[in-house]
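Here's the structure, in C-alpha cells; my notes come after.
Derivation of every value follows stated rules applied to the coordinates shown; laboratory data play no part. Remember, predicted model here, so these are calculated numbers, not experimental data. Glycine also receives a Cβ, built like all others from the backbone with ideal geometry; neighbour counts cover every protein chain displayed.
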Number of protein chains: 2
Amino acid sequence: MKLPAGYRYSALYAGIRKTAKPDLALIVSDTPASAAAVFTTNRVQAAPVRLGRKHLAGSGGVARAVLVNAGNANCATRTGDRVALACCRAAARALGCRVTEVLPSSTGVIGVEMNASLITAALPALVEGLSAERFLDAADAILTTDLVRKVAVSTSKGYSVAGMTKGSGMIHPGMATTLAYVMTDAVVTPAALRRRLKRAVEHSYNRLSVDGDMSTNDTLLVLANGASGVKPKADEFQAALDEVCQSLAQQIARDGEGAQKFVEIEVTGGRDEAGAARIARAIANSPLVKTAIAGSDPNWGRILCAAGYAGVVFDPAQVDIWLQGVKVCRRGLAAPFDEAALTKKLDEKECLIRFRIAGSGKGAARFWTCDLTHGYIDINASYRT
Amino acid sequence: MKLPAGYRYSALYAGIRKTAKPDLALIVSDTPASAAAVFTTNRVQAAPVRLGRKHLAGSGGVARAVLVNAGNANCATRTGDRVALACCRAAARALGCRVTEVLPSSTGVIGVEMNASLITAALPALVEGLSAERFLDAADAILTTDLVRKVAVSTSKGYSVAGMTKGSGMIHPGMATTLAYVMTDAVVTPAALRRRLKRAVEHSYNRLSVDGDMSTNDTLLVLANGASGVKPKADEFQAALDEVCQSLAQQIARDGEGAQKFVEIEVTGGRDEAGAARIARAIANSPLVKTAIAGSDPNWGRILCAAGYAGVVFDPAQVDIWLQGVKVCRRGLAAPFDEAALTKKLDEKECLIRFRIAGSGKGAARFWTCDLTHGYIDINASYRT
C-alpha cells in the first residue's frame with residue numbers, strides 16, 4: 001500500500017465518545033493542498049459542514065488540515081458554530097496555518113452540546129503524534145457503529161490516491177454520504193479537483209444506500225498536495241479517484257448496520273443512465289427486497305414491484321431479472337428455476353441482482369446496498385445508550 | 001354497528017392460499033351502485049387492477065359486485081388477464097349482471113400463476129352464501145399477514161358508510177394503499193363519488209406508511225347504492241367518508257408488520273399543506289426514527305434530520321418538537337426534559353410526534369405509521385415459505 005507523499009496523520013482518544021477508543025483524528029498536508037468537497041444536501045446541516053463550506057470558499061479551495069471527531073455530530077446545538085470555529089483556530093495555531101485552511105468534521109449524536117475544550121486541550125498531543133505512518137490510526141478514529149475499518153488506495157504512474165471513510169447507518173444516496181477523506185499527491189488544481197470529485201461521487205457515494213436516511217454531517221473531501229510532482233491526465237486521474245471512491249462506498253455497504261450480505265444491483269437497458277439509477281435505487285431502498293435477501297428468498301416479484309414505483313417509464317413485459325446469475329423473471333413473468341439451489345446460492349455473503357429492460361436503451365447503473373436484518377434494529381433502537 | 005342497506009357479503013376457502021382459512025370474498029349490491037376507485041400508481045400493475053379500471057370505465061362508474069381473493073396477487077403472470085376476466089365472467093353469470101359490473105381484486109404473492117378454476121368452481125357456493133350479515137366474514141377473507149380484522153362504520157342521518165381493508169406490509173403513501181372496500185347506502189352519483197373519494201384518500205391512505213413499499217395491487221373502492229334514499233350534502237358525506245377511510249388507514253398502521261407501537265406524526269407551521277405532508281412523510285419513513293421509537297429512545301435529532309431531507313424549505317432554527325407531549329427540541333436545539341420519564345412514556349402503545357415550524361405558515365398535516373421491529377424482518381425474510 002503506497003500512500004501519497006506529503007501527508008501525516010494522527011489520532012487519539014479525547015473523551016468525546018463514551019467508550020475509550022480514539023475519537024479525534026487529524027490529517028495534515030505538509031504543503032497547502034488543492035481541496036474539494038461535497039457536503040450533505042440535508043436542510044439541517046451540522047456546524048462543521050457550514051464552516052467547512054465557508055473555509056473552502058475563503059481559501060479558494062486550498063487546505064492544510066482536516067480535523068475530525070466521532071461521538072458528537074455537533075449538530076442542532078446552541079454552541080455548534082463557536083465550537084467548530086474554536087477547534088479550527090486551535091488547530092491552525094498548532095500547525096502554523098490559516099484557520100480557513102483547516103476543515104472540520106464531526107459525526108455522532110445530534111443535539112448534544114459539544115465541549116470544545118476536549119478538542120483544544122488534545123490538540124498539542126494530536127499534532128505531536130503526526131506521522132506519515134499513522135494513516136490507519138486516523139481511519140479507525142473516525143468510525144462510529146462501523147465494525148470494520150474502511151480504506152482504499154490506488155497507485156498510478158508516479159502518484160497515488162488514498163481514502164478513508166466511515167458509515168454504516170443513516171446512509172442514503174443523493175449526496176456525499178457520511179464522512180470520507182481522500183488524499184493524493186498528484187498535481188491537480190482546485191477547479192479540476194472539484195470537477196473530478198463531482199463525477200466520482202455520482203458513480204460511488206450516490207450509488208450507495210443502507211437505510212435511506214440522509215445524515216446532517218455528510219462530507220466527502222479530497223486533498224491534492226502535488227507532492228509527487230506528477231500532473232496526471234484528467235481521464236487517468238478520474239479513473240484512480242473513481243476506483244478509490246467506489247471501493248470506499250462498497251465497503252460502507254458491506255459494513256451496513258446489521259448487514260449480513262453485500263448486495264450489488266445492476267440495471268441495464270434504461271432509456272438513460274439517470275433512469276437506470278432510479279430503478280436501481282428503488283430496488284436498493286426496498287425493505288421488502290432487503291428482508292427477502294436476508295432470508296435467502298428468491299422473491300423476484302418484490303424486485304419488479306420496487307422498480308415499478310421508481311418513477312421511471314418502462315414496460316414490465318420487457319423485464320428480465322437474474323439473482324446470483326440465475327434467471328428468475330423472463331419478460332416480466334416467472335422463469336423456471338431450481339428454487340432449492342437458488343436459495344442456497346442466496347446464502348452467500350454477496351448477492352447480485354441483475355435487472356434488464358430488453359430493447360429499451362443503453363442506460364445502465366450499478367448500485368450497492370446490504371440486507372435488512374435484526375441487527376439493524378438492535379443497533380438503532382438503542383443508539384444513544 | 002348499522003351497516004348500509006342493500007349489500008350482501010360472502011366468503012369461503014377456495015384453496016388459493018396454503019393455510020385453510022377463507023381466501024375468497026364477494027361483496028354484492030342488490031341494485032347497481034355508483035362506483036369509484038383509486039388504484040396503485042405502480043408501473044407494474046396486477047391484472048385485476050387493469051381489468052377493474054377497464055370495467056369502471058366501461059360501466060360508466062356503476063358496479064354490482066366486488067370479487068376479491070387473497071393468497072395470490074395475480075400479478076406478473078402469463079395468464080393474469082385471462083384469469084381475472086374468467087372470474088368476473090363467472091361472477092356476472094352467477095349474479096345475473098354485466099361483466100363490467102364486477103370489479104376484481106387480488107392480493108398475495110407476485111409472479112405465481114393463478115388457477116382460475118379454483119375461483120370459478122367456488123362461485124356457486126360463494127353466491128349461495130351471500131348474506132347481509134356476513135360483512136365481517138368478507139373482511140376476514142381479504143387479510144394476508146394482517147393480525148387483526150380492519151373495519152369501520154360511520155352512521156349519519158339516515159344512511160351509513162362501512163369499510164373493510166387489509167394490509168400490514170408493502171404499505172406506502174402516494175396512492176390508495178392495499179385493498180379497501182367502502183360501501184354506503186347514500187345516494188351519490190358516480191362523478192360526485194369520484195370527487196369525494198379523491199379527497200378522502202388524500203387525507204387517509206395517502207398519509208399512511210408502514211415500510212415505504214408500494215404494492216402492485218393497491219385498490220380502494222367505494223360503492224354507493226342509494227338504498228337509504230338519502231341524498232346527503234357534499235360536506236356531510238365527505239366527513240363520513242373521511243372518517244371511515246381515516247379509521248381504516250390508522251388500523252393498517254396499528255397492525256403494521258411487526259409493529260408494537262402506533263405512531264402519529266403531526267406537522268404544523270408549514271408553508272402549505274403539501275409541504276407539511278412531505279415533512280411528516282419523511283419522518284414516518286425514516287428507519288432511524290422508527291427504530292428509535294421501537295427502543296423508546298427520545299432521539300429527536302433523527303426526527304429533525306429526517307425533516308431536513310424532505311425536500312421542503314424551512315429554517316431548522318424555527319423548529320419545535322414534542323414527543324408524547326414533552327418538548328424535546330426548542331428552536332432547533334435540545335430542550336431540557338426528564339429523559340427517564342419520557343423513555344417510560346415512549347413505552348406506551350401509542351406515540352405522538354409533534355413537529356412545529358414557528359411563524360412559518362398554516363400548512364398542517366397528520367400522518368400515521370408504526371415502529372420498525374424484529375417482527376417486520378421475521379415476517380418478510382420468509383414470506384413465501
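Just need the relative contact order of chain A here, percent rounded to a whole number, with Cα pairs under 8 Å and 6+ apart.
After rounding, I find 17 percent.
Would you mind ranking A:Asp272, B:Asp140 by Cβ crowding within 10 Å, fewest neighbours first? Intermediate values should be presented prior to the final figure.
Values: A:Asp272 14, B:Asp140 21.
Lowest to highest Cβ neighbour count: A:Asp272, B:Asp140.
Given +1 on the Cβ of Lys and Arg, -1 on the Cβ of Asp and Glu, and no further charges, what dipole in debye does the stretch A:72-190 carry about its Cα centre, rounded to the nearest 20? Write out the running numbers ahead of the final one.
Working: 10 positive and 9 negative charges, 39 e Å.
For the stretch A:72-190, the charge dipole is close to 180 debye.
In peptide A:316-322, what is the residue-averaged number of other protein chain Cβ atoms found within 10 Å of each Cβ?
Values: counts 7, 2, 0, 2, 0, 1, 0.
Other-chain Cβ atoms within 10 Å of each residue's Cβ, averaged: 2.
Taking a label point 7 Å from Cα toward Cβ, how far is A:Ser131 from its twins in the other copies, in nm, shortest first?
Reported distances to equivalent positions: 8.4 nm.
Let me spell out the model: positive unit charges on the Cβ of Lys and Arg, negative unit charges on the Cβ of Asp and Glu, origin at the Cα centre of the stretch A:1-61. What dipole size does that give, in debye rounded to 20? Walk me through the intermediate numbers first.
Details: 9 positive and 2 negative charges, 52 e Å.
Value, rounded to 20: 240 debye.
Calculate how steeply helix B:116-128 sits against the longest principal axis of the alpha-carbon atoms of chain B, using the helix alpha-carbon long axis, and give the answer as 0 to 90 degrees to the nearest 10.
80
Take the alpha-carbon positions of the stretch A:67-183, form their convex hull, and give its projected area averaged over all directions (one quarter of the hull surface) in nm². Please report the intermediate quantities before stating the final value.
Numbers: hull surface 34.5 nm².
Average projection, Cα convex hull of the stretch A:67-183: 8.6 nm².
Taking neighbour Cβ counts within 10 Å as the exposure measure, how do A:Asp315, B:Asp371 sort from fewest upward? Provide the component values of the computation, followed by the final result.
Values: A:Asp315 14, B:Asp371 25.
Ascending number of Cβ neighbours within 10 Å: A:Asp315, B:Asp371.
What's the magnitude of the charge dipole for the stretch B:262-381 around its Cα centre, counting Lys and Arg as +1 and Asp and Glu as -1 at the beta-carbon? Answer in Debye, nearest 20. Present the calculation step by step, with values, prior to reporting the outcome.
On the way: 15 positive and 14 negative charges, 77 e Å.
Result for the stretch B:262-381 is approximately 360 debye, rounded to the nearest 20.
So in chain A, what percent of DSSP beta bridges are antiparallel if you round to the nearest 5? Show your work: numbers first, answer last.
Numbers: 50 of 72 bridges.
Within chain A, antiparallel bridges account for around 70 percent of the total.
Round to a whole angstrom and tell me the spacing of the C-alpha centers of the stretch A:330-353 and the stretch A:1-64.
Here the two parts' Cα centres lie 43 Å apart.
Could you order the peptides B:190-197, A:262-269, A:158-165 from most to least packed, using the average number of other C-beta atoms within 10 Å per residue?
Details: B:190-197: 18.6, A:262-269: 21.6, A:158-165: 24.4.
Going by the mean number of other Cβ atoms within 10 Å, highest first, we get A:158-165, A:262-269, B:190-197.
In nm to one decimal, list the spacings between the B:Lys21 label point and its equivalents in the other copies, with label points set 7 Å along Cα to Cβ, shortest first.
Shortest to longest, the spacings are 4.5 nm.
Over all residues in A:295-303, what is the mean tally of Cβ atoms on other chains that come within 10 Å of each residue's Cβ?
Values: counts 9, 2, 6, 1, 9, 3, 13, 9, 2.
Partner-chain Cβ atoms within 10 Å, mean over residues of A:295-303: 6.
Compute the acute angle (0 to 90°) between the alpha-carbon long axis of helix B:80-95 and the principal axis of greatest extent of the alpha-carbon atoms of chain B; round to the nearest 10°.
The angle comes out at about 60 degrees.
The protein assembly as shown: percent of C-alpha pairs farther apart than 43 Å?
Values: 96312 of 296065 pairs.
Beyond 43 Å sits 33 percent of the P(r) for the protein assembly as shown.
If I take all pairs of Cα atoms in the stretch A:262-381, what percentage of them are more than 21 Å from each other? Mind showing how you got there, number by number?
On the way: 2333 of 7140 pairs.
Of the Cα pairs, 33 percent sit more than 21 Å apart.
Round to the nearest 10 and give me the degree value, 0 to 90, for the angle of helix B:47-59's Cα axis relative to the longest principal axis of chain B.
It works out to around 70 degrees.
Where does each of A:Asp347, A:Asp218, B:Asp255, A:Asp137 land when they are ranked from fewest to most other beta-carbon atoms within 10 angstrom? Working shown, then result.
Numbers: A:Asp347 11, A:Asp218 28, B:Asp255 22, A:Asp137 17.
By the 10 Å Cβ count, ascending: A:Asp347, A:Asp137, B:Asp255, A:Asp218.
Return the calculated 222 nm mean residue ellipticity for chain A, to the nearest 500 deg cm²/dmol, obtained by summing -39500 (n - 2.57) across DSSP H runs with n ≥ 4 and dividing by the residue count.
Values: 11 runs with 128 residues, N = 385.
Result for chain A: -10000 deg cm²/dmol, rounded to the nearest 500.
Measuring nothing but label to label, 7 Å from Cα along Cα→Cβ, what are A:Ala274's distances to the other copies in nm, shortest first?
1.9
Taking every residue in A:108-115, how many Cβ atoms of other protein chains lie within 10 Å of its Cβ, on average? Working shown, then result.
Numbers: counts 1, 3, 9, 14, 2, 2, 0, 0.
Across the residues of A:108-115, the mean count of other-chain Cβ atoms within 10 Å is 4.
Residue farthest toward the positive end of the dipole of the protein assembly as shown, with Cβ of Lys/Arg at +1 and Asp/Glu at -1: which of B:Gln318, B:Thr178, A:Leu352?
Looking along the dipole axis, the top candidate is B:Gln318.
Suppose we consider the axis relating copy B to copy A; can you name the residue of B with the nearest Cβ and state that distance in angstrom as an integer?
B:His374, 2
What Kirkwood hydrodynamic radius do you get for chain B when you take the inverse of the mean 1/r over all pairs of distinct Cα atoms, in Å? All intermediate terms of the calculation are to be shown ahead of the outcome.
Details: mean 1/r = 0.0467 Å⁻¹.
So the Kirkwood estimate lands at 21.4 Å.
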